[in-house]
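Read-outs throughout are calculated quantities, based only on the coordinates presented, and are distinct from any laboratory measurement. The structure displayed is predicted, hence computed values, not measured ones. With ideal geometry, Cβ positions are generated from the backbone for all residues, glycine too; neighbour counts draw on all protein chains shown.
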Amino acid sequence: MSDDDEYIYDEASGEWRPASEVRAEAAIVVKDAAGNVLADGDQVVLVKDLKVKGTGTTLKQGTVIRSIRLTDNAEEIDCRHDTIKGLVLRTEFVRKRG
């Protein structure tokens, strides 16, 4: 161990821990309905029809959503559709395309 190692105080355990260890635990893994790992920029397909709150729109099963963005919540993705801006979808309703 060198003096240059970075440590972070973990309030839950009350200990100083190596920063690399804390960052590895903090990495959020986002998975779709089939268990595939999602990343920023992926394309997904809806696995069921979804009524969008606040609009009279229903997104049909098989609709392709392009260029998703991951959020801090592992169960939600931020995305954009032609008719709906600022759309947030639950990962249980999408499957990774390709």
Under 20 Å Cα-Cα from residue 60, which lysines qualify once same-chain neighbours fewer than 8 residues away are excluded?
48, 51, 85, 96
Förster radius 25 Å - calculated FRET efficiency between residue 64 and residue 27 (Cβ-Cβ, nearest 0.05)
0.35
Looking at the chain, which longest stretch skips every one of the trypsin sites (Lys or Arg not before Pro) that is in a DSSP loop with at most 11 other Cβ atoms within 10 Å, leaving the sites themselves out?
1-52
Per residue of the chain, what 222 nm ellipticity follows from adding -39500 (n - 2.57) for every DSSP H run with n ≥ 4, rounded to the nearest 500?
-2000 deg cm²/dmol
If exposed means no more than 15 neighbouring beta carbons inside 10 Å and the site is in a DSSP loop, what's the longest run of the chain without any exposed GluC sites (Glu not before Pro)?
12-74
Could you calculate the contour length gain from residue 19 to residue 72, that is, 0.36 nm times the residue separation minus the distance between their Cα atoms, to one decimal place in nm?
17.1 nm
For Cα extents along the principal axes in Å, the choices are [x] 57, 23, 22; [y] 58, 30, 19; [z] 58, 30, 16; which was calculated from the structure?
[y]
